[in-house]
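Written below as structure tokens is the structure these notes are about.
The values are calculated or read from the model by the stated rules, or taken from the named source; none is laboratory data. All figures in this text were calculated on a predicted structure; none of them were measured in a lab. All Cβ positions, glycine included, derive from the backbone under ideal geometry; neighbour counts span all protein chains shown. To get the accessible areas, we keep the full protein, side chains included, count just its heavy atoms, and leave off ligands, DNA and RNA. Shrake-Rupley method; radii C 1.70, N 1.55, O 1.52, S 1.80 Å.
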Amino acid sequence: MTPAPGFSTMETHRSASWATGTRFPPRTAVTLDAPPATPPVLRAARLAPMLRGFFENRRGRSLYHALHGDRADPAEVWIFCSALLEEATFALRPTVQLAEAFARDGGTVFRFDYEGQGESEGDARRLGLADWTDDVVSAIEWVRRRYGSEVRINLLAQRAGALVAAEAALRGPLPVHRLLLLAPVLDGAKHFDECLRAHLTTQLACFNKVNEPRAVLKEQLQRGQFVSVLGHDVGQALASSLSGARLRPLLADFRGETDVIHLARTAGRDVSAALADLHGLPRVHLHAGPPVTFWDQSGRYWELTADLSAQVLQVAGRQAGGQGEGA
Amino acid sequence: MISERPVEISGSDRLVRRGMLGLPAGPADTAVLFLPSGLKYRAGSHRLNVRFARRLNDLGYATLRFDPAGLGESDGHLSAARAEDIAGQIEAGLYIGDIRLAVDALREQSGARHVVVAGLCGGAISAVLAAGAATDAVQGVISMGLPVVPFLPVESGAVPQARVARRRVGNYVRKLISTEAWGRVLRGESDFRGIGRNLRGAFAQNRAVVPSPQSFLPDENPRFIGSFRTLEAARIPHLMIFGSSDNRWIEFESTFLARELSGSMTGGSYAIELVPQGSHEFHFESSKVQAGELLEHWMNTRFPLMAPMTRTQEASHDAQ
């Protein structure tokens, strides 16, 4: 057999006594010459230039940011408030593509990482929703310094980032014109309970049993210890602030318009039931989105889908021309 | 304050790859390139790359966290697909060219003489493959949670190695308490064919198979084996870190370690380290600390920091 280019032909001693299951008859053996089993999935697509860097929040920490859009004096800027913890990691790519779709449509988007998240400075263990709400205010200040205080500020938030954005819109010192919430967390207590469930799953993977049930984890938090949520250590500041947060009262008091897009796991689910907690609120508009759960670890890799991109742009009041995946 | 700055790296395809360059206070003799874990982005799972990179910057190493094309903030488009299909392509070397681009850019921008490529899971296999294809440019490899058993194509009819399959079946049993898992079953989102394959593998009878050094079995990634041999032949240091509770470790131990390395945890240039009860991504703080200490110790041993005087002397020597 001729080895494929770039691969060594050096032979390494291999024991002749190793055993496998019954699974692999010799005729199924493959060689270095075997082509990849699946067709290529990567293709060329260019993103528009983005301005990346760091800015200081009001506590003096450096936060990572990326600015999409090339308008010198936009009338409005969308600030993206990301999901929290590992959901933000999974959601990063579709979020970048959504910002790209806005920019291609003539919009301006400012993305940033909260303190202790993503590539920002800091340690999330002692931070809670109030700190990250304050980071949204810092982001608004950055945008106003760049474009002037007349620029209209809209917040687009995902998952638990909706609780942060709504709090900033309602109680922050700077005006927020409107909110667009993507698959928002309605009840912070339920969401934090799911976070603790993730801890139990990790315990099972590591120890084959649950050594510390949820009640014990909650006690640890109250004693000032930290708990891992999919690798992110969190403390009581986040536990208590998230557990006490609900979206409905925040939206009820917010004076601007709010659009909520519900993303179900399965097509055809009733948006009305899923968002029942938000029924009856003035200035809150509910929309059913496609079945795209890009913030969790499913069996798929999520790039921003054209239908979701088009819907978000439409709801945002922009033309639905961008497809979110570049030219 | 952060001593990092965003960088852009363009290839001959004119696509821009984006990354974050971290430089130490003084000149760096060695730089470490951090790759995304699988399909996440350059910050790594739960910011693991950020944590390791900033610690290395503090010690005196340069770093680059890097998004290959189609991931994170880089140009390129990965079709929405089953994650395992994309993972299969990564295991076949999808990102070798991108990593070479990043290695060259990191060397140029940091001024380092040595470049080490590091990654977890998909980033680990990409690091090994890229280093094996560029032994002239890469001086070290750190692979964490390295997947050596490729995703088995359903069409092959093959089932996983018995010990691996039994572990996976154990995971299914534990997931019986998960409402999320039951939800996936009821929605038809579970990988039923994969479950069936693991069940068959778990109860398969073992029998000896005579290996051939030039042909490979469906549970072996020939590209990985070729690259590993190349790294050994070129005497390129390679640190492998696994969590002992990681399925990737079970697979590695049952297949490659047993067959290729005769169970030896150290070899000519490679070293294998275990984080006791560590998960695939080192979720718990104690695991992160241990993995970080192993990484740091290996860097100190294999790529020791040069004292300022020594560095000056060497620069002077080089100039002569």
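General remarks:
- Accessible area buried by the pairing of B and A, both sides summed with a 1.4 Å probe, works out to roughly 8100 Å².
- Per-residue extension of 0.36 nm, minus the Cα-Cα distance of A:ALA130 and A:ASP307, leaves a gain of 60.3 nm for this segment.
- log₁₀ of I(q)/I(0) at q = 0.11, 0.16, 0.21 Å⁻¹ - the range A:154-246, Debye sum with one point per alpha carbon: -0.38, -0.71, -1.00
- Heavy-atom surface of the range B:1-59, accessible at 1.4 Å and reported per residue (Å²): 34 Å²
- Estimated FRET transfer efficiency (A:ASP253, A:LEU51; beta-carbon r; R0 35 Å; 0.05): 0.55
- Here A:CYS195 sits with roughly 20 square angstrom of accessible surface, probe radius 1.4 Å.
- Over the range A:203-296, the fraction of Cα-Cα pairs per 5 Å bin, rounded to whole percents and listed from the shortest bin up, is 2, 11, 15, 13, 13, 15, 15, 11, 4, 1, 0.
- Across the range B:12-73, the convex hull enclosing all Cα atoms gives 85 Å³ per residue.
- Projecting the alpha carbon convex hull of the range A:93-228 along each direction and taking the average yields 10.0 nm².
- Full-extension gain in nm, A:ASP193 to A:LEU174, via 0.36 nm per residue minus C-alpha separation: 3.6 nm
- Of the trypsin sites (Lys or Arg not before Pro) in the range B:222-266, those whose Cβ has at most 13 other Cβ within 10 Å and which sit in DSSP loop: B:ARG235
- Listed cross-link partners B:LYS40/B:LYS288; A:LYS218/B:LYS40; A:LYS218/B:LYS288 are compared with a 26 Å cut-off, the Cα-Cα value being larger for A:LYS218/B:LYS40.
- 17 Å tail of the calculated P(r), the range B:95-134, as % of Cα pairs: 24 percent
- Separation between Cα centres of the range B:8-39 and the range B:239-292, rounded to whole Å: 26 Å
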